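Student: I have a structure I would like to understand better, so I am pasting it below and will then ask my questions one at a time.
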Protein chains: 2
Amino acid sequence: MTVPMSDTTALRDLPAYEAARGEADNPHSAVVRFGADTPLQLDAGGVLTPFQIAYQTYGTLNAARSNAILLCHALSGDQHAANVHPVTGKPGWWETLVGPGKPVDTDRFFVIASNVLGGCLGTTGPSSTNPATGQPYGLDLPVVTIRDMVRAQAMLVDHLGIEKLLAVVGGSMGGMQVLQWAASYPERVFAAMPIATAARHSAQNIAFHEVGRQAVMADPEWRGGRYLNEGTSPRRGLAVARMAAHITYMSDSSLHRKFGRRLQDRDGHTFSFDADFQVESYLRHQGEAFVDRFDANSYLYVTRAMDYFDLAGDYGGVLANAFKGAKTRFCLVSFTSDWLFTTADSRAVVHALNAAGAQVSFAEIESDKGHDSFLLDEPEFFAITRGFIDAAARAVGVK
Amino acid sequence: MTVPMSDTTALRDLPAYEAARGEADNPHSAVVRFGADTPLQLDAGGVLTPFQIAYQTYGTLNAARSNAILLCHALSGDQHAANVHPVTGKPGWWETLVGPGKPVDTDRFFVIASNVLGGCLGTTGPSSTNPATGQPYGLDLPVVTIRDMVRAQAMLVDHLGIEKLLAVVGGSMGGMQVLQWAASYPERVFAAMPIATAARHSAQNIAFHEVGRQAVMADPEWRGGRYLNEGTSPRRGLAVARMAAHITYMSDSSLHRKFGRRLQDRDGHTFSFDADFQVESYLRHQGEAFVDRFDANSYLYVTRAMDYFDLAGDYGGVLANAFKGAKTRFCLVSFTSDWLFTTADSRAVVHALNAAGAQVSFAEIESDKGHDSFLLDEPEFFAITRGFIDAAARAVGVK
């Protein structure tokens, strides 16, 4: 898609953004509300109450309640893993992997996907209404962690009457949640599949996130986080943040294959600051499309949660201690061209799991598509996922 | 240096910025002005006239005029390669390499460093006064290319009465200029040293530049490029651009070694959006320091020049043709951890030079410091530079 430069300076169509806003409190999803009797403990100290979780389910829970699979989404994902997205109208972000007859087979399994704590698609986040004020939380929402997100998910799983999950599966930040699940609730996770992830966020990744946050906070329309109260929108800052992040989701070679130095439909350079190169208009489009469906403050909260993630830190600095005595079986996956979460990051987890005596398999998949590989058509990845989930189902006696 | 978050929201000390502004027309450097009789041909079409070049020289031109070495600076560099910078008060950016007794020995050689066309330290650029209006050019300055920069430098070299340069040396964008010199003026370059560079800018690099430009242009104080006329300053946008770029100048491992996940001088996470991690405050400082010495529109122009650079494009798509029949001797250098301009980029140039029958040596230097290695203390790089320059001097008969 070609996005001329003028599109980035003009005000965009607001209906999509308003639709996204509407999702914050009243999403197009199932919602479970936790009241004062079930507060959420936060790593920052104190509790969050009341709060709600928005989620989607696919398939049917069997009588033994043994066929539930929890999907954990990445930074910019949400609960709409395998259904049409209510705001964008696009397919779910993991329809490649999840659906009837697919590797995560919704004909066999009861699949749960929830919006993370701090998100903006219906789980309590900074754009949700603060019941104490009747106004959006903004930065009054406490900063949340990956462990907080997982604690909330465990309450959702409780609510659904599921004692033990057949599998927890997720990529990138979703993979962090999978690792946290295995560490926090080992007895509740039969099989864990952390994909394209790490047990802690690297300095380089923190740096990229900080650039994104600064881009948002540099936008005068951010208004110290009070833009929803003031009727403004830090769209340009968030778009820049997304553009920078998007580069890190691809590999140099995939960018080269996709765009090279190809120009837009023009005869040559315009000798201007228009988007001469296809890669420029692609990035501008990525930035613009993102702000129609994502909340700027949520971007701050969720990136911060990733930055704070350091699983070993909660276990005396020894990652293996996070998995001590774990009966969970693990399958880790990395992609060769992923420079955001590298094979070395996955290997560090594998080594810790080995040291903890856990059952673990690991696949490094050849791909030139970078970090986003886990969302794309990667047959070897699909085959590995299918095999791992099938084996877990057989072991538990799920048909 | 620790930069608390409040520093990024407050207005900063303006004297440094005003000092930088003063450099645009009346720099603390030698200046040569080219009038209507010597217009500069531009790749965008048309000419630039009048225009000026600001430059520094070190050492003494010998009687034979055979000991001149031209240094070409990178994106954020300038002519102050080996003297205290007039705005920042810091050492020149290449004092590691250039000075009395150093690899580029100013006791033996006459070293020239000029500010590039489109820059902001005294060579005509967007912050220079447009003689037609008496106002700063802003975006009325035509977009310039690497070839335009080199064409201007050749006029400076003419002005200095030098027919043939002993060597042209530069890294990153400076290396692009070196390649362009060798292609445009082969008979004027005895030895060429393109360091950590490429014959064309990759899609990924264009993408990072586009993010930086969008960050600048998203800043409402940019005012369509007319901020100097309107008394505003797109400081925050330029700082974000610099932060994003700075990550690409380092390697993951150098960031890890330098910062890891170390926190600022606090006991733990603040659970806020302050700069908890050292890498965050480092980046914020990099962004802030940059805007005190660099013009936002120059950032647009100079990044654009790099994006447009595709040397083979001017020679029927065959890079070797750029160097056909060249007598220039080449020494290329890359650094193992440089992911912005990789060894593969340098190798592509080496292959083209080989195909053209040129005399070429190539060194890939082991370093974990990323792209910025060429500016840092790299003894092997120094030794190679010294050897290459010495050999050239011997061949030409320079004592």
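Student: Would you mind checking the tilt of helix B:343-355 against the longest principal axis of the Cα atoms of chain B, expressed as 0 to 90 degrees and rounded to 10?
Tutor: Tilt of helix B:343-355: around 20 degrees.
Student: Just round it to a whole percent: the fraction of Cα-Cα distances in the range A:8-136 exceeding 23 Å.
Tutor: Cα-Cα pairs in the range A:8-136 separated by more than 23 Å: 40 percent.
Student: For the range B:170-259, what does the convex hull of the Cα positions come to per residue, in cubic angstrom?
Tutor: Given the Cα convex hull of the range B:170-259, per-residue volume reads 148 Å³.
Student: Non-local amide H neighbours of A:Asn130 (under 5 Å, H modeled in plane, Pro and chain starts lacking H): which ones?
Tutor: Amide H neighbours of A:Asn130, under 5 Å, 5+ apart: A:Gln135, A:Tyr137.
Student: Further question: Hey, can you grab everything whose amide H is under 5 Å from the amide H of B:Leu97? Only 5+ residues off in sequence or another chain; H modelled, so Pro and N-termini drop out.
Tutor: none
Student: Where the eigenvalues come from the Cα gyration tensor of the range B:6-396, what are the semi-axes √(5λ) of the equivalent ellipsoid, largest first, in whole Å?
Tutor: 32, 26, 20
Student: When the gyration tensor of the range A:325-399 is built from Cα positions, what are the square roots of 5 times its three eigenvalues, in whole Å, from largest to smallest?
Tutor: 23, 18, 7
Student: Pick out, from B:Ser346, B:Pro186, B:Met217, the residue whose Cα sits farthest towards the positive end of the charge dipole of the range B:6-396, with +1 on the Cβ of Lys and Arg and -1 on the Cβ of Asp and Glu.
Tutor: In the range B:6-396, that residue is B:Pro186.
Student: Let me ask you something else. What longest region of chain B stays clear of GluC sites (Glu not before Pro) that DSSP places outside H, G, I, E and B and that have at most 16 other Cβ atoms within 10 Å?
Tutor: B:164-365
Student: How far is B:Ala344 from itself in the other copies, in nm, if each label sits 7 Å out from Cα along the Cα-Cβ line, shortest first?
Tutor: Distances to the matching label points in the other copies: 1.8 nm.
Student: Here's something else I'd like to know. Please give me the summed charge of the neighbours of B:Val47: other residues whose Cβ is under 13 Å from its Cβ, Lys and Arg +1, Asp and Glu -1.
Tutor: Residues close to B:Val47 contribute a combined charge of -2.
Student: Using the structure shown, list the pairs from B:Lys327/B:Lys399; B:Lys90/B:Lys164; A:Lys164/A:Lys324; B:Lys324/B:Lys399 with a Cα-Cα distance above 28 Å, or answer none.
Tutor: Checking Cα-Cα distances, B:Lys90/B:Lys164; B:Lys324/B:Lys399 exceed 28 Å.
Student: What angle, in degrees between 0 and 90 and rounded to the nearest 10, separates the Cα long axis of helix B:173-184 from the longest principal axis of the Cα atoms of chain B?
Tutor: 30 degrees
Student: Let me ask another. What percent do you get for the relative contact order of chain B when only Cα pairs under 8 Å and 6+ apart count?
Tutor: For chain B, the relative contact order is 19 percent.
Student: I've got another one for you. List the aspartates and glutamates whose alpha-carbon lies under 14 Å from that of B:Lys369, not counting same-chain residues fewer than 8 positions away?
Tutor: Here the aspartates and glutamates satisfying the reach criterion relative to B:Lys369 are B:Asp252, B:Asp338, B:Asp377, B:Glu378, B:Glu380.
Student: Using the Cα centre of the range B:13-77 as the reference point, and only Cβ charges (+1 on K/R, -1 on D/E), how large is the resulting charge dipole? Debye, rounded to the nearest 20.
Tutor: 280 debye
Student: Shifting gears a bit: A:Gly161 label points, 7 Å along Cα→Cβ, one per copy: pairwise distances from this copy to the rest in nm, shortest first?
Tutor: Here A:Gly161 shows inter-copy label distances of 9.7 nm.
Student: How large is the helix-only mean residue ellipticity at 222 nm for chain B, computed as the sum of -39500 (n - 2.57) over DSSP H runs with n ≥ 4, divided by its residue count, in deg cm²/dmol to the nearest 500?
Tutor: -11000 deg cm²/dmol
Student: Could I ask something else about it? Provide, for q = 0.09, 0.10, 0.11, 0.20 Å⁻¹, the log10 of I(q)/I(0) from a solvent-free Debye sum over equal Cα point scatterers in the range B:274-399.
Tutor: -0.40, -0.49, -0.59, -1.24
Student: Enter the angle in degrees (range 0 to 90, nearest 10) between the Cα long axis of helix B:296-308 and the first principal axis of the Cα atoms of chain B, meaning the one along which they spread out most.
Tutor: Helix B:296-308 sits roughly 50 degrees off the main axis of chain B.
Student: Let me ask something else about it. Using alpha-carbon positions, what is the distance between the centroids of the range A:226-299 and the range A:327-372, in Å?
Tutor: 30 Å
Student: Explain nothing, just the number: dipole magnitude of the protein assembly as shown about its Cα centre with +1 on each Lys and Arg Cβ and -1 on each Asp and Glu Cβ, in debye rounded to the nearest 20.
Tutor: Computed charge dipole of the protein assembly as shown: roughly 920 debye.
Student: For q values of 0.20, 0.22, 0.28 Å⁻¹, compute log₁₀ I(q)/I(0) with the Debye formula on a Cα-only model of the range B:220-289, without solvent.
Tutor: Debye curve over Cα of the range B:220-289, log10 I(q)/I(0) at q = 0.20, 0.22, 0.28 Å⁻¹: -0.86, -0.94, -1.20.
Student: Let me ask something additional. Along Cα-to-Cβ, 7 Å out, sits the label point; list in nm, shortest first, how far the one on A:Thr49 is from those in the other copies.
Tutor: Distances between equivalent label points, in nm: 8.1.
Student: Still on this model: With the cut-off at 35 Å, report for the protein assembly as shown the share of all Cα pairs above it, as a whole percent.
Tutor: Here the tail beyond 35 Å accounts for 49 percent of pairs.
Student: Then there is this: Estimate the FRET efficiency between A:Gln41 and A:Ser253 by the formula 1/(1 + (r/R0)^6), using the beta-carbon distance for r and 35 Å for R0, to the nearest 0.05.
Tutor: Plugging the Cβ-Cβ distance into 1/(1 + (r/R0)^6) gives 0.20.
Student: Sequence-distant or interchain residues sharing an amide H contact under 5 Å with A:Gly170, placed H: which?
Tutor: A:Cys72, A:Met193, A:Ile195
Student: Tally Lys and Arg at +1 and Asp and Glu at -1 over the other residues with C-beta under 9 Å from the C-beta of B:Tyr227: what net charge comes out?
Tutor: It works out to a net charge of -1.
Student: Give, as a single signed number, the net charge of other residues whose beta carbon lies under 10 Å from the beta carbon of B:Pro126, with Lys and Arg counted +1 and Asp and Glu -1.
Tutor: Net of charged neighbours comes to -2.
We did not get these values from a lab; they are worked out from the coordinates using the rules stated. Please read these numbers as outputs of a predicted model, since none were measured by experiment. Reconstructed Cβ throughout: ideal geometry from the backbone, glycine too, with neighbour counts over all protein chains shown.
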